Amino acid sequence: MNKAENQILIIFGASGDLTKRKLIPALFELYRQKLLPQKFAVLGASRSALSDEDFRNLANDFLPEDEQLDAFKELLFYQSVQNNSANDFVPLKERLDKLSNKLGITANYIFYLSTPPSLYPVIPRLLCENGLTRSEKYFRRLIVEKPFGTDLNSAKELNQQLLNYFEEEQIYRIDHYLGKETVQNMLVTRFSNGIFEPLWNRRYIERVEITSAESLGVEGRGGYYDNSGAMRDMLQNHLLQVAGFVAMEPPVVVEANAIRNEILKVFQSLRTIRENEVSRYVIRGQYTASHINNQKINGYREEPGVAKFSRTETFVALKFFIDNWRWAGVPFYIRTGKKLPTRVTEIVIHFRKVPHHLFGDTGTGGNNQLIIRIQPDEGILLKFGMKTPGAGFKVQTVNMDFHYSDLADKKVPAAYERLLLDCMQGDATLYARGDAVEAAWEFVQPIINAWDTNPEIPIYGYPAGSWGPEDTDKLIVNGNWRYPCKNLTNDGLYCEL
Ligand code: BG6
């Protein structure tokens, strides 16, 4: 692993939720593991008037009690900034100079945009006008949080705006799913095992299913979510990226551009779902009120911040094809939603049946399945047929499973730890590249257009706590979705959640 050079991380939106809940805890964990650069500081920036001390105290509420906490907090500083004109950033620049001098840190800077998206083009411009975006001697990097655009045009526009002030190589677009250990493990599973890759194509794989279920609802984010919906919030970014890892060709080397070139090719091969085909390939739903364990659960439209007659989808299921040599004719399915029975993200590879059935029904209908569990109970499960002991040839499906928790001495790092560390080391492999983000929007845009313009496309209600609209089942012809349980090895509608 490269050692990260000395640097300062400047977090815009420092008084916001993401900073407190994810960024500072991730930095503390890196600190505890001694992975931060030798000389390092965090400069929080936002409009609120806070002192260094206030900022340290804010962070405190989200950090575990630990003997190293006080020493870590010494690395945190705060600068209040307005963002109306270039002059507003002068105090920030002066503060950075002072910090660099005082702490002996060279002027390597990472600027992290964790602000409302309307500021994404503004802050880079003000940084540029203050000469902070480029340097001959030092690195300057920009991390951009999601959402990256709200549609194809806004994503393209944002890319162009950022490129006015930073080079593509300096821009790190966060997709925290890429920071998940198990998503990265997909590369290792596929490309370091001789047994999987020969089967990883249309000849042996019948279909691929990706599920990302959440049991939580919108949890106080109704205002944001109602303008977003499951398609923009989860599918356009996180889940298409996961599909990219499942479907990509082997990269020439494990290096940012080699891997990202392959992901881009997958996105470029996505078969367009035309507006008049949307009802056939896409199901959208919205959770309605229900009772779980005798407790009333609000419907989506009753959530704070959500419009009374909202038509925003909290669930989406999609069937699509990747038109290339490897995947021609293999359907891919993605399903994601809020207020589903459990929180699970997993990929199921359904292998084709044997060509001739000697033993009748095998319990799974004869398809072997490989399940790659992203979370929780991270691991891998292979399902295959075995003879039931006794007379005759009765076949039953059995499990072969590996749980990440068995690597007991290794903690699975949180996504933000990995991503922050990678950016500090200048490795953009697990960040989305501008062209791929646009290609993903290109695929999703006709679906959103059809929803916006054709009121006849239904938005199905589904009771909170169920697996989504019943019509979701109709997407998969001759098969069923897997209904995962918390535990990797179990599935079914009635398992423990
Ligand atoms: C975020 C979405 O990007 O991902 C949230 O905005 C969603 O709505 C979250 O809950 C899911 O992430 P994870 O890591 O909990 O699966």
Original post:
Would a scan of region 74-81 turn up a residue that is out of contact with any Asp or Glu (no Cβ under 7 Å at 6 or more places or on another chain), among the polar types (S, T, N, Q), over 17 Å from residue 423 (Cβ atoms) and at pLDDT 95 or above?
Top reply: yes
Original post:
Looking at 246, 188, which is the one that is away from the ligand (no atom under 16 Å from the Cβ) and open to solvent by 40 Å² or more (accessible area, probe 1.4 Å)?
Top reply: 188
Original post:
Can you find a residue in region 395-410 that is within 16 Å of the ligand (Cβ to nearest atom) and open to solvent by less than 60 Å² (accessible area, probe 1.4 Å)?
Top reply: yes
**OP:** Within region 86-113, track down each residue that is open to solvent by 20 Å² or more (accessible area, probe 1.4 Å) and touching a Gly at 6+ places or on another chain (Cβ under 9 Å).
**Re:** 93
Original post:
Does region 263-274 hold any residues that are buried (at least 18 other Cβ atoms within 10 Å of the Cβ) and outside any loop (DSSP other than H, G, I, E, B), and which are they?
Top reply: 263, 264, 266, 267, 270
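Among the candidates 479, 461, single out the residue that is touching a Gly at 6+ places or on another chain (Cβ under 8 Å), touching a residue at least 24 places away in the same chain (Cβ under 8 Å) and open to solvent by 40 Å² or more (accessible area, probe 1.4 Å).
Values: 479 fails: open to solvent by 40 Å² or more (accessible area, probe 1.4 Å).
Step by step, each of 479, 461 is checked, and only 461 is touching a Gly at 6+ places or on another chain (Cβ under 8 Å), touching a residue at least 24 places away in the same chain (Cβ under 8 Å) and open to solvent by 40 Å² or more (accessible area, probe 1.4 Å).
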Subject >> Residue check, residue 295 under 27 Å from residue 486 (Cα atoms) and either open to solvent by 50 Å² or more (accessible area, probe 1.4 Å) or in contact with a Phe, Trp or Tyr (Cβ under 8 Å, 6 or more places away or on another chain) (or both) >> reply: yes
**OP:** Could you identify the single residue in 220, 229, 179 that is open to solvent by less than 30 Å² (accessible area, probe 1.4 Å), modelled with pLDDT under 95 and within 12 Å of the ligand (Cβ to nearest atom)?
**Re:** 179
**OP:** Determine, yes or no, whether residue 236 is under 30 Å from residue 118 (Cβ atoms) and more than 16 Å from the ligand (Cβ to nearest atom).
**Re:** no
**OP:** Can you give me the number of residues within region 122-138 that are touching a residue at least 40 places away in the same chain (Cβ under 8 Å) and out of contact with any helix residue (DSSP H, G or I) (no Cβ under 8 Å at 6 or more places or on another chain)?
**Re:** 1
**OP:** Could you give me the residue pairs with C-beta distances under 7 Å whose first residue belongs to region 142-171 and is within 26 Å of residue 22 (Cα to Cα) and β-branched (Val, Ile, Thr), whose second residue is part of a helix (DSSP H, G or I) and within 16 Å of the ligand (Cβ to nearest atom) wherever it lies, and which are 6+ apart or on separate chains?
**Re:** 150/232
Original post:
If you go through region 356-365 one residue at a time, do you hit one that is modelled with pLDDT under 95, open to solvent by 10 Å² or more (accessible area, probe 1.4 Å), more than 16 Å from the ligand (Cβ to nearest atom) and within 30 Å of residue 405 (Cα to Cα)?
Top reply: yes
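Listed residues 119, 127; which is buried (at least 19 other Cβ atoms within 10 Å of the Cβ), more than 16 Å from the ligand (Cβ to nearest atom) and over 21 Å from residue 26 (Cβ atoms)? It would help to see each step written out before you state the result.
Numbers: 119 fails: buried (at least 19 other Cβ atoms within 10 Å of the Cβ).
Result: 127 is the single residue among 119, 127 that is buried (at least 19 other Cβ atoms within 10 Å of the Cβ), more than 16 Å from the ligand (Cβ to nearest atom) and over 21 Å from residue 26 (Cβ atoms).
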Original post:
Take the residues of region 226-262 that are over 16 Å from the mean Cα position of the chain (by Cα) and part of a helix (DSSP H, G or I): which is nearest to residue 316 (Cα to Cα)?
Top reply: 226
**OP:** Report yes if some residue within region 304-320 is open to solvent by less than 10 Å² (accessible area, probe 1.4 Å), within 16 Å of the ligand (Cβ to nearest atom) and either of a type in the set (Phe, Trp, Tyr) or within 24 Å of residue 489 (Cα to Cα) (or both); otherwise report no.
**Re:** yes
Original post:
Counting just the residues of region 375-390 that are among the charged types (D, E, K, R) and within 16 Å of the ligand (Cβ to nearest atom), which one comes out surrounded by the fewest Cβ atoms within 10 Å (Cβ to Cβ)?
Top reply: 377
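Would you confirm whether any residue within region 206-216 is within 15 Å of the ligand (Cβ to nearest atom), part of a loop (DSSP other than H, G, I, E, B), of a type in the set (S, T, N, Q) and surrounded by fewer than 21 Cβ atoms within 10 Å (Cβ to Cβ)? Give the derivation first.
At the first step, the residues of region 206-216 found to be within 15 Å of the ligand (Cβ to nearest atom) are 210-216.
With the extra rule that they be part of a loop (DSSP other than H, G, I, E, B), the set shrinks to 214-216.
Now restrict to residues that are of a type in the set (S, T, N, Q): 215.
With the extra rule that they be surrounded by fewer than 21 Cβ atoms within 10 Å (Cβ to Cβ), the set shrinks to 215.
Scanning region 206-216 turns up at least one residue that is within 15 Å of the ligand (Cβ to nearest atom), part of a loop (DSSP other than H, G, I, E, B), of a type in the set (S, T, N, Q) and surrounded by fewer than 21 Cβ atoms within 10 Å (Cβ to Cβ).
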Subject >> Residue within region 199-219 that is aromatic (Phe, Trp, Tyr), in contact with a Pro (Cβ under 6 Å, 6 or more places away or on another chain) and farther than 21 Å from residue 305 by Cβ present >> reply: no
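Among the helices (runs of 4 or more DSSP H) confined wholly to region 62-180, which include 3 or more residues that are more than 27 Å from residue 239 (Cα to Cα)? Reasoning before the result, please.
Details: elements: 69-73, 90-103, 122-129, 152-165.
By residue number, 69-73, 90-103, 122-129.
The values are calculated or read from the model by the stated rules, or taken from the named source; none is laboratory data. Predicted, not measured: the structure shown is a model, and the values here were computed from it. Cβ atoms come from the backbone with ideal geometry, glycine included; neighbour counts cover every protein chain shown. The area values use the complete protein model at the heavy-atom level, side chains included, leaving out ligands, DNA and RNA. Shrake-Rupley method; radii C 1.70, N 1.55, O 1.52, S 1.80 Å.
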